[in-house]
Amino acid sequence: MIELRDIYKIYSDGDSEIRALDGVTMTVEQGEFVAIVGQSGSGKSTCMNIIGCLDIPTSGSYHLNGIDVSTMNEIELSHIRNQTLGFIFQQYNLLPKLNLLENVELPLIYRGLSPKEREEKAKIALERVGLLDRAKKMPSQLSGGQQQRVSIARALAGEPPVILADEPTGALDSKTGRDVLDFIKKLNDEGTTIVLITHDMSIAEEAKRIIRIQDGKIISDMPGRRNAL
Amino acid sequence: MNMKQSFILALKSLKTSKMRSFLTMLGIIIGVASVIILTSMVDSMKQLMVDKFESMGTNLITVSISGRGGNRRVEPEDMLKLVEEKDTLQAVSPNITIPAYIKNNNENQSVNCIGTSETYHEINNIGIESGRYLSYMDVERRQKNCVIGSYVAKNVFQGTNPIGQIIKLNGNSFTVVGVAEEKAGGTQGSQDDRVYLPYTVARTLTFISRVSNYTFSAADKNELEQAIADIENALFKVYQSEDFYNVISVSAIVDTLDELTGTLTLILVGIAGISLLVGGIGIMNIMLVSVTERTREIGVRKSLGATPWNILSQFVVEAATTSGCGGVLGIVLGIGGAYALCSLMDMPTVITLGSIIIAFSVSAVIGIAFGYFPARKAARLNPIDALRHD
């Protein structure tokens, strides 16, 4: 499903160079729930950006669904982001001027669906996160947890095979964070591949597999508690 | 993302920041309004002049002869013969203008006297209110008959029927045989402040033996050029030089007027265009600010699968919508302003659809042109840099 081979991401800053990713090789199969853990500056976010086709590696190859992504241009990458990937961000990143339904419709608009189709699909996604009754509300009228659920609905709406979650619980209190995490687990149970980025080991433990990154290198790759049980 | 969606989004963002949108549009509003007002003013002025000229008759040709002395001369009879010979010409009347005084209650008042033949009123579209115009017999027999304009009738006869009455011009008695229809509002010094005499009589009144002005009417408006050529040829045969006569048609005057006002319009629109340009730069400025402010939004959109084209079209449509709205407001202001100014200056208001269409499309094009640069900047943003932007 996700196949990274010898990925380097090097930022040159005059004489010195920073190796954000220093030869990362990993494979994530379909239906897995992988947590990538590391301290800030460890390279985990860079890793996720490359998996999410938001950033391009300096060298190495990346195959997504068997397709070589590392040689794609910006337009092809945007189609991949639209159809294969769903993003959940720490700061939700909802557009404040659009209501919830319009926010969830965004990826469907870029997919080119008809207004009727995308409203239907967006409503199903909102229904799944339990916020259909607030479809016409603006993001600012919602609590943090609710906003994160909307962003999950937005990631789900296009039914992508892979969902990338970057510190999805980072801005939430522990109770709502747990709710969000449970929902992500449920998604995984339904067959969606999940890649979750966190610095919090207790959250990473919920995943089926934990990859630890430090100084741009994978230092361990082991099954999570959930898998062990 | 389709255009309609972009358009609706653009309208929404216009609505959420009204003051800023209005200031952004102001340059375009002023530019469009001034294009419409200025072209309307010129067109109205032109219309006023063209109407005045055309009321004289568009098939009118005036000939003035300065002459060269000696025995090379043209007599009214020669001109009459010319009209008979040429199919392109319909009629001719000599045209002798003499300043005269009309006696009114023992007071002498200045009046324009024109010596004409019996065809003059037809050539010049002069209607007859009552009585008749001068006749062939009046001209031939040098009858001291006259036709008076509406102002003269009003002024001298004060409401009594002037037909058959006597007026005194420079001490000579004339019998009024007709009153001309009002043509220029019946004011003093206008076309209505006139007395028409047989030219044969006018000639003796002033002791001018030579008739130097003629008014022709062409048979067909479309063959005006040929008619002018026929007259010029005949005159050239006599004078052997183009320097001694001048042949002008009303249409030629109107054409010259058209050319002049066309140039004037271009200059004025050019000036107004500068305002449109400044307005466009204002839009570009605000769009650049907007792209910076919304960098994160652009990042989010890109992460959800927006192509560079999606982002580009969103911002271009937004810029075009802003300037288009400015254009519509400018048109409303321009039409209102044109009506207000024209009524203030007592002119008929002429607003051509062309000027509105041009003003609006220029404003839309400016929006697209000046929106393109910021939009391209937005479209080229690296998604991850945009997402990280605060």
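GNM on chain B, alpha-carbon springs under 10 angstrom: the most fluctuating residue among B:SER241, B:SER275, B:SER110 is B:SER241.
Which net charge results for the neighbourhood of A:TYR8, defined as the other residues with beta-carbon distances under 9 angstrom from its beta-carbon, given Lys and Arg at +1 and Asp and Glu at -1? Could the numbers behind the result be given before it?
Values: positive: A:LYS9, A:ARG19; negative: A:ASP6, A:ASP22.
Its environment carries a net charge of 0.
Taken along the Cα-to-beta-carbon direction at a fixed 7 Å, the label points for B:SER241 and A:GLU17 span 9.4 nm.
What does the extension gain come out to for B:ILE128 and B:GLU293, with contour length at 0.36 nm per residue minus their alpha carbon separation? Provide the component values of the computation, followed by the final result.
Details: separation 165, 0.36 × 165 = 59.40 nm, distance 7.55 nm.
Value of the extension gain: 51.8 nm.
I need the calculated FRET efficiency for the pair B:GLU259 and B:SER135, taking r as the beta carbon distance and R₀ as 25 Å, to the nearest 0.05. It comes to 0.05. Close amide-amide hydrogen proximity is noted between A:ILE210 and A:ALA35, A:MET222, A:GLY224, each under 5 Å apart and 5 or more residues distant or on a separate chain (H modeled in the peptide plane; Pro and chain starts excluded).
For the protein assembly as shown, DSSP calls about 70 percent of its internal beta bridges antiparallel. Look at B:SER190, A:SER12 and count the other Cβ atoms within 10 Å of each Cβ; fewest to most, that gives A:SER12, B:SER190.
Using every Cα-Cα pair within the range B:96-210, state what percent have a distance larger than 26 Å. Before the final figure, lay out the partial values.
Values: 550 of 6555 pairs.
Of the Cα pairs, 8 percent sit more than 26 Å apart.
Label separation (B:ILE248 vs B:LEU266): 2.4 nm, computed from points 7 Å beyond Cα along the C-beta direction. With the cut-off at under 12 Å, measuring from each backbone N in the range B:220-247 to a point 7 Å along the Cα-to-Cβ line of B:ASP87 picks out B:220. The calculated FRET efficiency for the pair A:GLU205 and A:ASN65, based on their C-beta separation and a Förster distance of 25 Å, comes to about 0.30.
Which residues in the range A:1-17 have a backbone N closer than 12 Å to a point placed 7 Å from the Cα of A:LYS217 along the Cα-to-Cβ line? From the range A:1-17, the list is empty. Here the simple spin-label model places points 7 Å from the Cα toward Cβ, and for B:MET345 and B:GLU75 these points are separated by 5.1 nm.
Per residue of the protein assembly as shown, what 222 nm ellipticity follows from adding -39500 (n - 2.57) for every DSSP H run with n ≥ 4, rounded to the nearest 500?
Theoretical 222 nm ellipticity from helices: -16000 deg cm²/dmol.
Relative to the longest principal axis of the Cα atoms of chain B, the long axis of helix B:308-344 makes an angle of roughly 30 degrees. Could you identify which residue out of A:ASP15, A:ASP55, A:ASP133 has the top mean-square fluctuation in a GNM of chain A using Cα springs shorter than 10 Å? Fluctuation is largest for A:ASP15. Shown for B:MET41, B:MET3: other C-beta atoms within 10 Å of each C-beta, ranked fewest to most, produce the order B:MET3, B:MET41. Loop-located GluC sites (Glu not before Pro) across the range A:167-229 with a Cβ neighbour count of 13 or fewer within 10 Å are A:GLU190, with loop assigned by DSSP.
Taking a threshold of 26 Å on the Cα-Cα distance, which of the pairs A:LYS97/A:LYS123; A:LYS116/A:LYS175; A:LYS121/B:LYS302; A:LYS44/A:LYS185 fall above it? Check vs 26 Å cut-off fails for A:LYS116/A:LYS175.
The charge dipole of the range B:96-210, taken about its Cα centre with unit charges on the Cβ of Lys, Arg, Asp and Glu (plus for the first two, minus for the last two), comes to roughly 420 debye.
Throughout, read-outs are computed from the coordinates displayed, never taken from laboratory work. Computed from a predicted model, the values in this text were never measured in an experiment. Using ideal geometry, Cβ is built from the backbone for each residue, glycine included, and neighbour counts are taken over all protein chains shown.
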